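Have a look at the structure below before the remarks.
The values are calculated or read from the model by the stated rules, or taken from the named source; none is laboratory data. What you are looking at is a predicted structure, and each value in this text was computed from that prediction instead of being measured. Positions of Cβ are generated from backbone atoms using ideal geometry, with glycine treated the same way; all protein chains shown enter the neighbour counts.
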Amino acid sequence: MTNGDDEAQSPPEILFSRDGRLGLVLLNRPRAINSLTFGMVTALSEQLDAWRDDSDVKTVLIHGAGDRGLCAGGDIVSLYRAIRENVQDAATFWAHEYALNLAIAEYPKPYVAIMDGVVLGGGVGVSAHGSVRVVTERTKVGMPEVGIGFVPDVGGTYLLSRAPGELGTHAGLTGGSFSGADAIELGLADHYLESDRLDEFAEALAEMSVSDALLRFATDAPDSELAASRPWIDECYASGDALEILDRLDASPAEGARLAADTIRSKSPRAVAATLESIRRARATSTLAEVLDTEFRVSVHFAAGNEMAEGIRAQVIDKDRAPRWSPPTLAEVTRQDVEAYFAPLGAGELGLSASTSVRH
C-alpha cells in the first residue's frame, strides 16, 4: 500500500482535455499498459455524461498513454484481491464497467477509439463498442480471459458472437491476440491508420468531422491472416460442444487447427466451456444490454469460485505459469457445471436491459 503523500504525487490515472470540437480521453497508467481501475471507469462515465450535453463537443476520442497500447484490460491484481477478500467489490467494479460499456455503445456523438498497440479484455470494452474504431500496424487485440480462469466480458461475447462465421468462437476459446487487420475482419474495428499518422488524425478531429478526417488519413488494411484461416475455423468450431470442437481441430489437416487445439487445452476447462456457452447464448440474444446482464451473472459466479483466483495467481501473482485447473480436463466439466454460471443472482442482478427498456 502507498501512503497519502505517495498518492498525492501520483499522476492522475485518466486525463480529460478539450481541443476545439474534440473531447480527449487519455488512459494514463502507461506502466500498467493503462489497465482500468474503478476510479478510471467512474471518471470516464461521468465525463461522457458531461460531454453528451456539451454542444461544443462534437467528437470524443480515447487513447492510451505511452507506446505499449490503449489498454491491457482491467487491473487484475486489484481484481484478485477483491475476489479473495470480498466478491462484492468485484461485482461493484463490473457493474460500473458494464454500464460504461453500454453507454459507449449508445453514445450519441462519434466516439473514436485509437486501438493502437495492446488492446485486451476491458480495453476492448472501452473501444470496440465505440462508433469509430481505429487500428494500426501495431495493434494486438484480444479477449484472453480463458487463460486466467475467466470468460470474455465487457460485452465481449456480444461482439465475438457477431463476428463472421466462427471467427469469434476461435478468438474466445483460444484467448489469442490478433492484428489490426484481423480486428477489422472480426468486426472489432473499422478503420486502419499508420501509427505515425495518429497525432495528425487527432489534430484534424479538432477541426473537422470524423468522416473528413478518415478520408484524409485512413488507408487500406493489409490482408488478414485470420480471414485466410476461416475455412477450417468455420468447419471446426461449428458446434455447441467444446469436446467436439477439440476433436474436429485435432482431425483437421490445417496446422493452425492443431495449434488451436493445443492452446485451448492449456486454458481453464471450466472457462472454455462457459465461454462457448456464453458466445452461443449471446448469438441468440438481441441486445448488448441483455448480454451484459448475462455476462455479469457469469462473472460473479466465477469470482465466487476458485478457478479465476487460481488463474490470476499463476499468471500475475506468483507468475509460475502453472495453474492448477479444477477439473483439469474439459471431459470432466459437466453440463451442470456450465449451467451454474448462468444462474440468476436474485436481488444482485445487474439489470441493464430493464433500465434500457425504461429509457427507450
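Only helices (runs of 4 or more DSSP H) wholly contained in region 222-332 count here; list those with 2 or more residues that are modelled with pLDDT of 95 or more and closer than 30 Å to ALA82 by Cα.
255-266, 269-283, 288-304, 307-312
Could you list, in sequence order, the residues of region 72-113 that are of a type in the set (A, V, I, L, M, F, W, C), modelled with pLDDT under 95, crowded, with 19+ Cβ neighbours inside 10 Å and over 15 Å from ALA304 (Cβ atoms)?
Passing the criteria: only ILE76.
Looking at (1) under 19 Å from the mean Cα position of the chain (by Cα); (2) part of a strand (DSSP E or B); (3) not small (Gly, Ala, Ser), which is the only condition LEU24 fails?
Condition not satisfied by LEU24: (1).
Of the numbered conditions (1) touching a helix residue (DSSP H, G or I) at 6+ places or on another chain (Cβ under 9 Å); (2) of a type in the set (A, V, I, L, M, F, W, C); (3) at pLDDT 95 or above, VAL118 fails exactly one; give the number of that condition.
Of everything listed in (1) touching a helix residue (DSSP H, G or I) at 6+ places or on another chain (Cβ under 9 Å); (2) of a type in the set (A, V, I, L, M, F, W, C); (3) at pLDDT 95 or above, VAL118 misses just condition (1).
Within region 127-176, can you find the residues that are in contact with a Cys (Cβ under 9 Å, 6 or more places away or on another chain) and of a type in the set (Gly, Ala, Ser)?
The answer is SER127, and nothing else.
For region 219-243, how many residues are surrounded by fewer than 18 Cβ atoms within 10 Å (Cβ to Cβ) and of a type in the set (A, V, I, L, M)?
4
Of all residues in region 249-286, which are more than 18 Å from the chain's Cα centre (by Cα), among the basic types (Lys, Arg) and buried (at least 17 other Cβ atoms within 10 Å of the Cβ)?
Of everything in region 249-286, just one residue is more than 18 Å from the chain's Cα centre (by Cα), among the basic types (Lys, Arg) and buried (at least 17 other Cβ atoms within 10 Å of the Cβ), namely ARG270.
What pairs come out if I take residues in region 25-40 that are at negative phi and pair them with residues that are crowded, with 21+ Cβ neighbours inside 10 Å and of a type in the set (Phe, Trp, Tyr) whose C-beta lies under 9 Å away, six or more apart or interchain?
Once the first residue is at negative phi and sits in region 25-40, its partners that are crowded, with 21+ Cβ neighbours inside 10 Å and of a type in the set (Phe, Trp, Tyr) give LEU36/PHE93; THR37/PHE93; PHE38/PHE93.
Can you find a residue in region 74-97 that is without any contact (Cβ under 8 Å) to a residue 40 or more places away in the chain, farther than 25 Å from GLN315 by Cβ and over 17 Å from the mean Cα position of the chain (by Cα)?
Checking region 74-97: not a single residue is without any contact (Cβ under 8 Å) to a residue 40 or more places away in the chain, farther than 25 Å from GLN315 by Cβ and over 17 Å from the mean Cα position of the chain (by Cα).
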